[in-house]
Amino acid sequence: MIHELRPADFEKARPAFGPEMAYNLIVSAVLDGSSPGRVWVDDPAEPRAAFLWGAEGWYLDGAPNPAFAKALNHLIMTEIRRQVLAVGQAEFFLGYESSGWAALESAIFAGAPSILRNPRRHYVCRALAVDWRAMLPEGYEVARIDADLLARPGLDVPEHVHCWMGCNWGGAEAFFARGFGFATVHDDAIVSWSLADCISRGQAEIGIQTRPEHRRRGLATITAAAAVEYALGSGLEAVGWHCNEINRGSIGVAERVGFALERHYTHHYFYFDMANHLAEQGWIAFRAGDYRETVACYERVFPEWDAERFGPAPDYLYILAARAWAALGEPGRALEFLNAAVDAGWDDGEDARAIPEFAALHGTPGWAALLARLEGESVR
């Protein structure tokens, strides 16, 4: 009931992806072969339902039917699960719009811990709203990301740039031939970068990354604006932008550059690994102010964490647990997890002082000892 298409046959699946999914440009880019991906359908001769994987995620559309949903579940929980976990990841998220597919969620996600929902935004820019050149701080340079820039002697290029070109384009050669990107450079290092996620049918989508130590200087706006300017100046009709509803930084950059909100939508997701899934549930509960649920989740996260597969539990998980305990008026438990965060590599005393939940800890002997540890870690 589910068949994988050869790349030469991807176009057969295009009719199954209706206009309501067109805002996910990666779907079109995979189907036309400009971005790597895989496609499965119910009928290889005349597809009526289709499931697609691309660099930006997994997508489902077409005529809903229970048999395809059941076969899709088997694919997700076996082959896709193996592939996701094999690369040290755990998340699976699915985009669909049809109420018919929503009615089949229990079949599609059978065996998952639960279905989580991530509210997202889609923006489109058709005209630039800023003069990025006038915004550029002294000592910074904006350059197109091409072979010459990346070959510049001594240039510090973030690994994410290479990963972006590989995942979204199939490699640097394909990116240089068909894609585009811009970087802001400071002291022989790329500190902010915006690359095209994909290009298809006269449109592009872009993303943005900035090194933490160079944030809050307008560099993300400058770099993204340079990329948009190039795209629209090269004959593309529009540039898309996707971000999570809670990502106020990304939303602010998009709106300053000139992107207009097109729609709100939802990704449906879960984690194949229970510890990661519980960590995400705890984060959702924390954002909702349900601190009891947060600590209940995190009481299970650390004992179940698979360090062999995912490496040691990251410091931010301990910090979130500490924030929840502090919000519940449990300073001893909060300090316990804060010290575990230091053990896990946390070394930011300034960050510790700025987190509002920890205000009640200030002035206590445990807090002073924690800061001493943080300062010692930062010196080392």
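Read-outs throughout are calculated quantities, based only on the coordinates presented, and are distinct from any laboratory measurement. Everything numeric in this text was worked out from a predicted model, so none of it was measured. Note: ideal-geometry Cβ built from the backbone for every residue, glycine included; neighbour counts use all protein chains shown.
State, as an integer percentage, the relative contact order of the range 3-112 based on alpha-carbon contacts under 8 Å between residues 6 or more apart.
Relative contact order here is 24 percent.
Roughly how many whole Å is it from the C-alpha centroid of the range 336-375 to that of the range 130-161?
Answer, in whole Å: 36.
Relative contact order for the range 73-226 using alpha-carbon pairs under 8 Å, separation at least 6, rounded to a whole percent?
Reported as a whole number, the value is 19 percent.
Taking every Cα atom in the range 147-287, find the radius of gyration and the maximum pairwise distance Dmax, and write them in Å.
Both quantities, over Cα of the range 147-287: 16.6, 47 Å.
Scattering from the C-alpha atoms of the chain alone, worked out with Debye: what is log10 I(q)/I(0) at q = 0.06 1/Å?
Computed log10 I(q)/I(0) values: -0.27.
List 114, 35, 200 from most exposed to least, where exposure is judged by having the fewest other Cβ atoms within 10 Å.
With the sparsest Cβ surroundings first, the list reads 114, 200, 35.
Taking Cα centroids, how far is the range 304-326 from the range 174-192 in Å?
Between the Cα centre of the range 304-326 and that of the range 174-192, the gap is 33 Å.
Which ³J(HN,Hα) values in Hz, rounded to whole numbers, follow from the phi angles of the range 219-235 under the Karplus curve 6.51 cos²θ - 1.76 cosθ + 1.60, where θ = phi - 60° and Gly and Pro get x?
Whole-Hz 3J(HN,Hα) from phi for the range 219-235: 5, 5, 4, 4, 5, 5, 5, 5, 5, 5, 4, 5, 4, 5, x, 9, x.
When only Cα pairs under 8 Å and 6 or more residues apart are kept, what is the percent relative contact order across the chain?
15
Please work out, to two decimal places, the log10 of the ratio I(q)/I(0) at q = 0.12, 0.14, 0.17 Å⁻¹ from a Debye calculation in which every Cα of the range 226-361 carries one identical scatterer.
-0.64, -0.79, -0.96
By how many nm would the segment from residue 82 to residue 333 grow when fully extended, if each residue of separation counts as 0.36 nm and the alpha-carbon distance is taken off?
That pair, residue 82 and residue 333, stretches by 86.7 nm at full extension.
Sorting 185, 295 on the 10 Å Cβ count, fewest up front, what's the list?
185, 295
Among 324, 55, 103, whose mean-square fluctuation peaks in a Gaussian network model of the chain (Cα, cutoff 10 Å)?
Result: 103 has the largest fluctuation of those listed.
Could you list the GluC sites (Glu not before Pro) in the range 117-178 that lie in coil according to DSSP, counting only those with at most 12 other Cβ atoms within 10 Å of their Cβ?
Loop-located and lightly packed - 138.
Would you mind calculating the gained length between residue 144 and residue 167 on full extension (0.36 nm times residue separation, minus the Cα-Cα distance), in nm to one decimal?
Between residue 144 and residue 167, full extension yields an extra 6.3 nm.
Among 122, 362, what is the fewest-to-most ranking by other Cβ atoms within 10 Å?
Neighbour counts put them in this order, fewest first: 362, 122.
Hey, how much of the P(r) for the range 300-360 falls beyond 13 Å, as a percent of Cα pairs?
61
Based on the alpha carbons, how large is the Rg to Rh ratio for the range 35-90 when Rh follows Kirkwood?
A ratio of 0.99.
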